[in-house]
Amino acid sequence: MTLRELFQHIGENPNFILFYFLIIPIAAIIAGVLGKGEGHLSPWKYLYATLIYSVSVPGIFAVALNAYFFLFQRGDVMQTDVYLQILPIIVMVVTIFVIRRNVDLSLVPGFDKISGLWFMLFATMFLMWLLEKIRIVVFSYLPFQYLLGIFAILFALIYLGWRKFVK
C-alpha cells in the first residue's frame, strides 16, 4: 500500500479519523472540567501529555504534508484533503488551547520536546523551501557574507530546536 492509497482509503472511509480527532478535544475538555486547577498534578499532567502527543504527531505530519504539497509540488488548494491536511491542524491547535486553559504547558511532561520538534520542523522546511527558490543568479547578486549569515541563522534555529527536542 502506498501513501497515496492510504490517503485515498482514509478519504473514502473517514469514520475512524473523525472519531479520533473528535474524541481528543472532548477528552481535553472533560479533563479540564474534572481536574480544574489540578492540571499540574500527577495523573492530569500525564493525561494532558498523552493528549498533546496524540494530536501533535498527526498535526505536525499534516503541516509537513501541506508544506510539501504547496511549496514543492505546487499543489492546488482546491484539491486539499480536509480529513488529512486541515482537520489534524485545527484539532491540534484547539486541543492545545483547551489544555492551556487548565495547566501551564511547561508543566506538561514532554511539551518542551514536542515544541522543539515543531520548531525544528518549521526551520528545516523553510530552509528546504529557501534552497529550492534560490537560483544561481541570486548567488551572483547576493553578497556571499549575507548568504553565509542567512544559512548560519537558519542552522542556529534548527540547532536550538533540536536541543529543545533532545533535552
Measure off, as a whole percent, the carbon and sulfur share of the 1.4 Å-probe accessible area of the chain, all protein chains present.
72 percent
Rounded to the nearest whole Å², what accessible area per residue is found for the range 1-49 with the 1.4 Å probe?
70 Å²
Treating only the Cβ atoms of Lys and Arg (+1) and Asp and Glu (-1) as charged, compute the dipole magnitude of the chain about its Cα centre; round to the nearest 20 debye.
480 debye
Select one label from (i) 1.25; (ii) 1.36; (iii) 1.02: the one whose number is Cα Rg over 2.2 N^0.38 Å as derived from the coordinates shown.
(i)
Helical segments meeting 20 Å axial Cα length and Kyte-Doolittle -0.5 threshold in the chain (DSSP H)
15-34, 42-67, 87-102, 111-133, 144-166
With only alpha-carbon atoms counted, please give the Rg and Dmax of the range 66-116, in Å.
14.8, 40
In terms of the charge dipole of the chain, which places +1 on Lys and Arg and -1 on Asp and Glu at the beta carbon, the residue among Thr50, Met120, Leu34 farthest towards the positive end is Met120
For the range 1-149, with the dipole built from +1 on Lys and Arg beta-carbon atoms and -1 on Asp and Glu ones, taken about the Cα centre, which of Val98, Gln79, Gly59 lies farthest toward the positive end?
Val98
Highest mean first, what order results for 94-102, 73-81 on Cβ atoms within 10 Å?
94-102, 73-81
Determine the gain in length on full extension of the stretch Phe72-Ile23; use 0.36 nm per residue of separation and subtract their C-alpha separation, reporting nm with one decimal.
14.3 nm
Only helices counted: for the chain, with every DSSP H run of 4 or more residues adding -39500 (n - 2.57) and the sum spread over all residues, [θ] at 222 nm is -25000 deg cm²/dmol
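The values are calculated or read from the model by the stated rules, or taken from the named source; none is laboratory data. Computed from a predicted model, the values in this text were never measured in an experiment. Because the Cβ atoms are built from the backbone with ideal geometry, glycine has one as well, and the counts that use them run over all protein chains shown. Surface areas here come from the heavy atoms of the whole protein model, side chains and all, with no ligands, DNA or RNA. Shrake-Rupley method; radii C 1.70, N 1.55, O 1.52, S 1.80 Å.
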